[in-house]
Amino acid sequence: MNLLKKAYLLLCFIAVSIISNSQQAAAVDSIQQALAEAKTVEEKIFWLDNISRTMMNVNPAEADKYGLQLIMMAEESRNRKLMIKAYQGNGIRCGFFRGQKEFANRAIGYFEKALAIAKQERLEEETGACQVLLSDICLSIPDKDKAFKYITEAFSRISTTNNDSLKVEANIGYGKVYEAGNEKIPALRHYFTALRIAEEINGTKENKRKKAELKRNSFLRLSSFYSRIKEYDKAIDNYTFAYQELDNMNDKRVPYQRCIDINAIGNLFAAKKSYDIAISYYERSIAMADSLSFSNLKVPGYISLLNQFLRMNEPKKALDYVNSPRGQALISFLNQFGMSAAVYQTYAAVYSQTNQFDSARIYFEKAIPLFEQRMTENNSVVVYMQAAEFYKKAGEIDKSLAFYTKSKDIGERNGLLEIVQEASKQMDTLYGRKGDYRTAAVFNATYYIYKDSVDKLNKENELDKIAADAEEERLERVKKEEEERKRRRNNIQYMAITIGIVVLFVALVVLGMFKVSAGLIKAIGFFVFLMLFEFVFLVFKKNIYSITKGEPWLDLLFMIGLAALLVPLHHWMEHKVLHYLTSHNRLTAAGHHIKKRFFKKTRNEGE
């Protein structure tokens, strides 16, 4: 069933989020060395935060130990900003496992402690940052009301600051909340605003990495947005832009992140049904991970290939893949990170689709209690729907109805319309088999109500595509209009400066026609020539950016070469012209002629 395949994909990406949000295991030794060499508290806090996040992808228990050290060191320092950073860092690393209740609740607890300190110390930027983090984690529970409350408060705080990084994150956070509420156009506007702010950051060497990271985050959100409304080409475009921003991020994480990105782009091609291209991306991602000697980084590729067999409705290939060395590496990874529920669910789903009912029943009975204990509702509904389908195929109608009922309830609570629609449709069929036609009719009516809602939502998605295109065109038009206004304004200023220089040169020549002291002519001439050649420097400097790309050493070389050419020319021209204007009163005859004609005209008018 198509819906169940979609649900299965959702669960598998729990594991991907762990790797996507962490640094490489290969960096552990270098981080430990940097931590040992750290002198100041600030440096130790920085490296403890780094290693605690990194270890979440290697050994979560060790990550907890480093996280505790991080908090203890920050608390002992009594530096409130370091304390906030320590609690935020612990919240972020726990958020890598946000699909599990325990870690989601721990993340919220850490963020709330950081927020309490920030509010107590009246630190506006830190308060806003904590609220953005809380809004994001609340969306994964999901608790949309709390998420909206936090992001609204954060946005009002951050908008009054000069922190561009926080403004970008706040706009992205607001976009996520709007998107979760199915308000797509406001979400898109916030994503575009985030991208615009990131693009306008001064691209100095110090800001280069920050600018690239913020632009990358904005492109990733735009990619996710377009994927949701099934504009897969635009989703691929924006993910590719995000991938290209890694070229401007010179740190050790980049090669590992490239591997993750290649796999993610493959998933977008799969959603577009370009399966051959998708598989080539998955294999490329696995090969990149292999070249980096980082086995865990192969897991996203393994997951994607397994999902691909399910997309293509080939459960036998999926089962063979699970039992292959690659599949066993995936199982080992999930077990290592306390995700045995996902392991059991994987086997249960595949055995169910290959009609191996005894094996499927064993694994569903193992998986379901673990999901109920550890996973959030949005993840639990996955296994409920799969179990319901399995028991329906096995002829156990009452058990199937029980799981469809649970799925329907979760779907209604969390706005999962397709889940409610599918569950209602199946319950109509199952109650009909039992001969309970009255109850079947109730669920038949519910099915059509939600079918209409889903159809309406699909139509809205089509309208959203049109509206998104219109919004993108509008923003592009506004940007071009602003650039044109700026170009015209600059051209007017250049023209005014040019006219001013010409007028000053004419005035200088006119002064040479009269008996004016040589000192005055030289003084005025000095400023006229200075203005002329500084203007030439300005014009050249403005136009060399396309060559130097703002690289300081290239700018310096170009300006040295230009100065070597223009400075001697400046002095030579100034000397020749001023010498001509001041020597032997060469133009005084012309001056007398102008004077006579002027005064003659004045006398004639007087008579």
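The values are calculated or read from the model by the stated rules, or taken from the named source; none is laboratory data. Note that the coordinates shown come from a computational prediction; the quantities given were computed from them, not determined experimentally. Every residue, glycine as well, gets a Cβ built from its backbone with ideal geometry; the counts of neighbours run over all protein chains shown.
Only residues that are of a type in the set (Val, Ile, Thr) and either surrounded by fewer than 17 Cβ atoms within 10 Å (Cβ to Cβ) or at pLDDT below 90 (or both): list them for the range 100-158, please.
Passing the criteria: Ile141, Thr152.
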- Item | Filter result for Ala360 (touching a residue at least 12 places away in the same chain (Cβ under 8 Å), touching a strand residue (DSSP E or B) at 6+ places or on another chain (Cβ under 8 Å) and small (Gly, Ala, Ser)) | no
- Query: Of all the residues that make up the range 540-564, how many are more than 36 Å from the chain's Cα centre (by Cα) and either surrounded by fewer than 12 Cβ atoms within 10 Å (Cβ to Cβ) or at pLDDT below 70 (or both)?
  - Reply: 3
- Qualifying residue in the range 244-259 (condition: part of a helix (DSSP H, G or I), out of contact with any Lys or Arg (no Cβ under 7 Å at 6 or more places or on another chain) and hydroxyl-bearing (Ser, Thr, Tyr)): yes
- Identify all residues within the range 156-170 that are of a type in the set (A, V, I, L, M, F, W, C) and either more than 15 Å from Glu126 (Cβ to Cβ) or assigned to a loop (DSSP other than H, G, I, E, B) (or both); write none if there are none. Val168
- Item | Among the candidates Leu133, Leu222, residue that is touching a Phe, Trp or Tyr at 6+ places or on another chain (Cβ under 6 Å), in contact (Cβ under 8 Å) with a residue 40 or more places away in the chain, of a type in the set (A, V, I, L, M) and not assigned by TED's automatic domain parsing to the domain that holds Leu554 | Leu133
- Message: Looking at the range 122-145 only, could you name the residues that are outside any helix (DSSP H, G or I) and either over 21 Å from Lys101 (Cα atoms) or among the small types (Gly, Ala, Ser) (or both)?
- Response: Arg122, Leu123, Ser140
- Tell me which of these Phe148 doesn't satisfy, since it passes every other one: (1) among the aromatic types (Phe, Trp, Tyr); (2) closer than 25 Å to Leu222 by Cβ; (3) not in a helix (DSSP H, G or I). (3)
- Query: With respect to Gly395, is the statement that it is surrounded by fewer than 21 Cβ atoms within 10 Å (Cβ to Cβ) and farther than 30 Å from Ile108 by Cα true?
  - Reply: yes
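Sort through Lys176, Lys149, Lys184 and tell me the only one that's among the basic types (Lys, Arg) and without any contact (Cβ under 8 Å) to a residue 24 or more places away in the chain.
Within the list Lys176, Lys149, Lys184, the selection yields Lys149.
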- Hey, can you tell me all the residues within the range 294-306 that are more than 25 Å from the chain's Cα centre (by Cα) and in contact (Cβ under 8 Å) with a residue 60 or more places away in the chain? Leu306
- Note on the structure: When every residue in the range 248-287 that is among the β-branched types (Val, Ile, Thr) and within 19 Å of the chain's Cα centre (by Cα) is compared, the one nearest to Asn238 (Cα to Cα) is Ile265
- Note on the structure: Log entry, pairs with first residue in the range 237-263 being outside the structural domain of Ser30 (by TED's automatic domain parsing) and of a type in the set (Val, Ile, Thr), second being buried (at least 16 other Cβ atoms within 10 Å of the Cβ) and in a loop (DSSP other than H, G, I, E, B), beta carbons closer than 9 Å, six or more apart or on different chains, reads none
